[in-house]
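A.B. asks: Sharing a structure with you now.
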Amino acid sequence: MSTTTKPTLKHALIFVVIFIVCLLSASGCGQRQLVRPTPQMDAPSEFWIRVLLVRRAGSCTVKAASGFSVSGAGVSNQVRFGAGEGPGKIEISDGRIRIAGRYFEGKRLTITPERPYIFNFNGDDYRGKVEFIINSEGNRFMAINLVPLEPYLAGVIGAEMPHYWEPAALEAQTIAARTYCLYIKNRHGVNRSWDVKKTAANQVYKGLVAESASVWDAVNRTKGRVLFCRQADGTEEIFPAYYSSACGGHTENSKNVFGDSFEPLVGVKCPYCRKVTKPTFFFWPMFEVDKESVTKNVFKRYPKLENLGEVKQIISAKEVDYKEFSRVVLVKLVGSSGKSGFLRAEDMRLSIDPTGNKLRSTIFQIADMGDRFAFLSGRGYGHGVGMCQCGAQGLARRGRGADYILYYYYPGSKISRVY
Ligand SMILES: [Zn+2]
């Protein structure tokens, strides 16, 4: 045995040094993979989305691993805090917000974390900034996540569609979601301090937890691409590119569901979602609900119908017939007072079951069970307008690209880049 192979103190030291270097570099690499930088932080304000996090809070928790700054109209100079001086609990008292032990004047304050522009709000990680707007009584605040469009979409797509679906389906979903939120921002956001909610009322947004490599690929590959349609005056505009989970066999004209009419939001035949979904998902089980809770929930949302007394009968007043099935679009509610009123079927559905998880669509038949209503022969999931998400996956499995999928579900639309 040669002396050079004998372990010596020198060899042992070299081994320990190499081991430590390996450990340090491995942990460094790990961190770099975990924290993807937030793109578009220098985007113009027209491409920032304001997501309502909480409407009326007395306190909240904000954490940032990086340093952060506080700015606002009442803050003479931007106040900077170093990493580790996390804001922690944020409270309001006498109309002033307390952040990291300091009171700030002003009705609107913004916390901007430093690179990689990530903060944690009440336990969830988000990108961008967080703005606080104090109410007129000075005892509650609204919290809004200000986030550029592309990182916003990274937090939406994985919450709206399984991240392991076909890349073309994820890309189609991204372009539809980008179009939808820009439309809502330009249409409704101008009249309020926020653009969208983080729930299915708009698009589900979960921040960092919904991100994945496949979702970021879909966002990056479709960067700035949105759908346009022709207006009556010949100009081209973006439109609310609605989408829903599974149409049940035919998508629905938006006029019948949301009351608006855009050329690409007509119904199209969809033989593609059925094979993507499980039969128990495509055909939903009978849903029974007592008349008392129907009355309570419908009146809560539509108080003008209170003159009906108790809802005694629900009659399908208008259906769109697709041969194999039909979708109820208008219902007549007959009350104990003898009076009756009309409601869009989709509005009734979401009044009775705001989650939409039981009364899953308006493709149903209504049966009167005495003190209850039963909704039978249900199929599909969601409002059925615009892109059918399961159908998009079905088309992608057949090798169709994102543009084909979008032109199929939004006929007459055109895809263009806004940046
Ligand atoms: Zn479908």
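The values are calculated or read from the model by the stated rules, or taken from the named source; none is laboratory data. Everything numeric here is computed off the predicted structure, so don't read it as measured data. Neighbour counts run over all protein chains shown; Cβ positions are idealised from the backbone, glycine included. Quick note on the areas: whole protein, heavy atoms, side chains included, nothing else; ligands and nucleic acids left out. Shrake-Rupley method; radii C 1.70, N 1.55, O 1.52, S 1.80 Å.
A.B. asks: Considering each of Val268, Val257 in turn, give the residue that is modelled with pLDDT of 95 or more and more than 16 Å from Tyr407 (Cα to Cα).
C.D. replies: The conditions single out Val257.
A.B. asks: Given the criteria surrounded by fewer than 19 Cβ atoms within 10 Å (Cβ to Cβ), in a loop (DSSP other than H, G, I, E, B) and either more than 16 Å from the ligand (Cβ to nearest atom) or of a type in the set (Asp, Glu) (or both), does Glu319 qualify?
C.D. replies: Against the criterion (surrounded by fewer than 19 Cβ atoms within 10 Å (Cβ to Cβ), in a loop (DSSP other than H, G, I, E, B) and either more than 16 Å from the ligand (Cβ to nearest atom) or of a type in the set (Asp, Glu) (or both)), Glu319 does not qualify.
A.B. asks: Further, regarding this structure: Only residues that are more than 23 Å from Lys312 (Cα to Cα), in a helix (DSSP H, G or I) and open to solvent by 30 Å² or more (accessible area, probe 1.4 Å): list them for segment 277-295, please.
C.D. replies: Pro279, Thr280, Phe281
Yes/no per residue for (1) touching a helix residue (DSSP H, G or I) at 6+ places or on another chain (Cβ under 7 Å); (2) at pLDDT 95 or above:
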| residue | (1), (2) |
| --- | --- |
| Thr355 | no, no |
| Asp368 | no, yes |
| Leu376 | no, yes |
| Gly382 | no, yes |
| Gln393 | yes, yes |
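A.B. asks: For a quick check of your reading of the model, give me the residue pairs whose first member lies in segment 230-246 and is at pLDDT 95 or above and outside any loop (DSSP other than H, G, I, E, B), whose second is within 16 Å of the ligand (Cβ to nearest atom) and among the aromatic types (Phe, Trp, Tyr), with beta-carbon atoms closer than 8 Å and at least 6 apart or on different chains.
C.D. replies: Every condition considered, the pairs that remain are Tyr243/Tyr409; Ser244/Tyr381; Ala246/Phe281; Ala246/Phe282; Ala246/Tyr381.
A.B. asks: Still on this structure: Would you tally the residues in segment 248-275 being within 9 Å of the ligand (Cβ to nearest atom), part of a helix (DSSP H, G or I) and open to solvent by 30 Å² or more (accessible area, probe 1.4 Å)?
C.D. replies: Total meeting the criteria: 1.
A.B. asks: Where residues in segment 386-418 are open to solvent by less than 10 Å² (accessible area, probe 1.4 Å) and assigned to a strand (DSSP E or B), which of them is nearest to the ligand (Cβ to nearest atom)?
C.D. replies: Only one residue tops the list, namely Cys388.
A.B. asks: Check whether at least one residue in segment 204-218 is on the phi < 0 side of the Ramachandran plot and either touching a Ser or Thr at 6+ places or on another chain (Cβ under 6 Å) or within 16 Å of the ligand (Cβ to nearest atom) (or both), and report yes or no.
C.D. replies: Yes: one or more hits.
A.B. asks: Follow-up question, since we're still on this one. Go through segment 80-123 and report how many residues are among the aliphatic types (A, V, I, L, M) and open to solvent by 20 Å² or more (accessible area, probe 1.4 Å).
C.D. replies: Adding up the residues that qualify gives 4.
A.B. asks: Here is a further query. Is segment 185-200 home to any residue that is part of a helix (DSSP H, G or I), open to solvent by less than 10 Å² (accessible area, probe 1.4 Å) and more than 16 Å from the ligand (Cβ to nearest atom)?
C.D. replies: Yes.
A.B. asks: Could you run through segment 55-74 and say how many residues are surrounded by fewer than 16 Cβ atoms within 10 Å (Cβ to Cβ) and either in a strand (DSSP E or B) or at pLDDT below 85 (or both)?
C.D. replies: Summing the residues that are surrounded by fewer than 16 Cβ atoms within 10 Å (Cβ to Cβ) and either in a strand (DSSP E or B) or at pLDDT below 85 (or both) in segment 55-74 gives 6.
A.B. asks: So which residues in segment 223-247 are within 16 Å of the ligand (Cβ to nearest atom) and within 18 Å of the chain's Cα centre (by Cα)?
C.D. replies: Listed by number, the residues that qualify are Ala241, Tyr242, Tyr243, Ser244, Ser245, Ala246.
A.B. asks: Turning to a different aspect of this structure: Quick check on my filter: what residues within segment 324-339 are small (Gly, Ala, Ser) and open to solvent by 60 Å² or more (accessible area, probe 1.4 Å)?
C.D. replies: The answer is Ser336, Ser337, Gly338.
A.B. asks: Across segment 375-385, which residue is farthest from the ligand (Cβ to nearest atom) among those that are open to solvent by less than 10 Å² (accessible area, probe 1.4 Å) and more than 18 Å from Ala241 (Cβ to Cβ)?
C.D. replies: Phe375
A.B. asks: Turning to a different aspect of this structure: Being outside any strand (DSSP E or B) and either touching a Cys at 6+ places or on another chain (Cβ under 8 Å) or open to solvent by less than 60 Å² (accessible area, probe 1.4 Å) (or both) is the requirement here; does Leu359 meet it?
C.D. replies: yes
A.B. asks: Among (1) open to solvent by 70 Å² or more (accessible area, probe 1.4 Å); (2) modelled with pLDDT of 95 or more; (3) over 25 Å from Tyr419 (Cβ atoms), which single condition is Phe19 missing?
C.D. replies: (2)
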